[in-house]
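Below is one structure; the comments refer to it alone.
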Amino acid sequence: MAYAVAPSMAYAMAPSRPEVEIQNAQGARNLEQFGTEALEQAERLSRRGNGCQRRIYLDLGANWGNTLRLNLDLERRWRGYAKLLQARNGSHRCWLAWEVYAFEAVPVMHGYLEDFVTFLNGRGPQPELVIPPAGSSNLLSSFARQFHCPSPAFGQHHLYYSMYDCMSTVFAGPISRLHENPELADPMLIRTRLDEAQVANNSTEPRFTFVPAAVGTSDSSLAIRFPSNSGWMSFKGYMGRNFSHPLALPNVSTVAVIDIVTWVQTYFSHRDLVILKTDIEGAEHDILWRMLRDGSIDLIDLLILECHEAPKHSCHHLVSSLHTRNITMLAEAPGSIYPGWDSYSSANRMTVKDPRLNSL
């Protein structure tokens with residue numbers, strides 16, 4: 001889990017203005033006369049997908065990347081997906097490949113997410129996992145059995161702390177070596193990532209974009225204090241009695257906050273299919289209430305919501321208001337299409353290095 005207000009490897013920036021080949025016997029003179037118009041037309045086609053419609057997945061609180069491909073699960077296995085397409089554009093059949101935008105606030109996750117998104121885009125190797133990529137106790141439990149730690153079944157909360165103690169002991173070394181990546185806090189880098197949404201994905205493969213920032217209702221900054229902020233809930237499974245504070249991590253980290261509502265309104269339209277997933281430790285209230293008030297909630301075709309009670313906010317009130325607006329919602333549930341992670345991130349498909357092997 002992380003707030004939503006979200007390089008060790010190279011990252012592909014937004015596509016440049018499309019090159020337009022103008023074939024004309026008059027050569028350079030006609031290029032000068034018609035070039036600007038042709039470029040503008042080509043750019044419009046590129047931005048809007050050459051007449052096809054965009055498919056957008058916004059992952060607010062990307063954690064360790066364990067929900068970055070949830071949209072693919074929905075496309076392949078969820079009965080409601082076809083209804084979303086039908087509701088958005090009737091009999092229209094031309095859809096572009098997915099655009100996935102991942103936001104994460106917790107700085108020590110940024111380096112891994114940068115490398116993981118580079119891998120998903122086919123531009124680098126899959127990064128090594130030095131701790132299980134678990135943002136919930138339920139997913140952590142499925143990893144715990146691999147390391148001979150207690151692995152409570154869903155709902156066995158009284159056994160969680162035994163698991164936490166064991167896992168914090170096993171991964172004390174890797175956790176102590178986690179660190180921030182200052183280069184990923186560069187405002188220009190964040191702006192460039194956000195601006196990738198200007199251009200539709202005209203390739204045949206999903207396009208993943210990682211924005212190392214939190215999300216909110218205004219452009220600002222957020223101080224994350226280790227380990228008290230709820231943004232560190234992703235580490236609660238390692239906060240047993242033997243928990244090791246990352247040695248290179250300051251007690252307070254400052255991250256950028258992106259006005260996610262304005263960004264969505266700027267770059268996406270009612271023509272697009274937009275799936276919004278939020279797991280942002282209470283920040284969802286301000287964001288969704290603003291979208292309800294200004295009508296931008298109608299840009300969202302499917303809301304995947306993990307609601308957290310927050311001061312002055314009620315999940316019951318929020319969810320009731322969303323239902324009143326007939327917003328299609330999907331909730332996390334054990335054994336469902338969305339148990340809290342995508343199928344690609346289940347423990348039986350991820351390999352985590354056992355740090356104890358280094359000492360043998």
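In debye to the nearest 20, how big a dipole does the range 53-359 give about its Cα centre with +1 on each Lys and Arg Cβ and -1 on each Asp and Glu Cβ?
For the range 53-359, the charge dipole is close to 680 debye.
Starting with the fewest neighbours, write out Cys52, Cys149 ranked by other beta-carbon atoms found within 10 Å of each beta-carbon.
Cys52, Cys149
Could you compute Rg(Cα) / (2.2 N^0.38 Å) for the range 81-159, with N its residue count?
This ratio for the range 81-159 stands at 1.61.
Defining a contact as two alpha carbons under 8 Å apart and six or more residues distant in sequence, what relative contact order in percent does the range 53-359 show?
Answer for the range 53-359 is 27 percent.
Taking the alpha-carbon set of the range 93-223, what are its Rg and Dmax in Å?
18.1, 53
Using 0.36 nm per residue of separation minus the Cα-Cα distance, give me the extension gain between Asp354 and Ser336 in nm, one decimal.
Working: separation 18, 0.36 × 18 = 6.48 nm, distance 2.96 nm.
Full extension of this stretch gives 3.5 nm more.
Counting only pairs 8 or more places apart or on different chains, how many lysine pairs in the range 53-359 have C-alpha atoms closer than 28 Å?
Count of close lysine pairs: 5.
Could you work out how far the C-alpha centroid of the range 290-307 sits from that of the range 313-357, in angstrom?
Distance between centres, Cα-based: 17 Å.
Provide the FRET efficiency to the nearest 0.05 for the Asn326-Ser346 pair, computing r from the beta carbons and using R0 = 30 Å. Intermediate values should be presented prior to the final figure.
Values: r = 32 Å, r/R0 = 1.08.
The computed FRET efficiency comes out at 0.40.
Could you sort the peptides 191-203, 74-86 by per-residue average Cβ neighbour count (10 Å cutoff), highest mean leading?
So the order, starting with the most tightly packed, is 191-203, 74-86.
How big is the Kirkwood radius of the range 53-359, worked out from every pair of different alpha carbons and given in Å to one decimal?
That comes to 20.1 Å for the range 53-359.
Mind ranking 57-63, 205-211, 117-123, 307-313 by how tightly packed they are, going by the mean number of other C-beta atoms within 10 angstrom, highest first? Don't jump to the answer; show the numbers that get you there.
Values: 57-63: 28.3, 205-211: 22.4, 117-123: 18.0, 307-313: 13.3.
Result, highest mean Cβ count within 10 Å first: 57-63, 205-211, 117-123, 307-313.
Want the number for Arg191 to Thr254: 0.36 nm per residue separation, take away the alpha-carbon distance, what's left?
Answer, rounded to one decimal: 21.0 nm.
Every number in this text was worked out from the coordinates using simple rules, so none of it is lab data. All of these numbers come straight from a predicted model, not from anything done at the bench. Here Cβ is always computed from backbone atoms with ideal geometry, including for glycine, and neighbour counts include all displayed protein chains.
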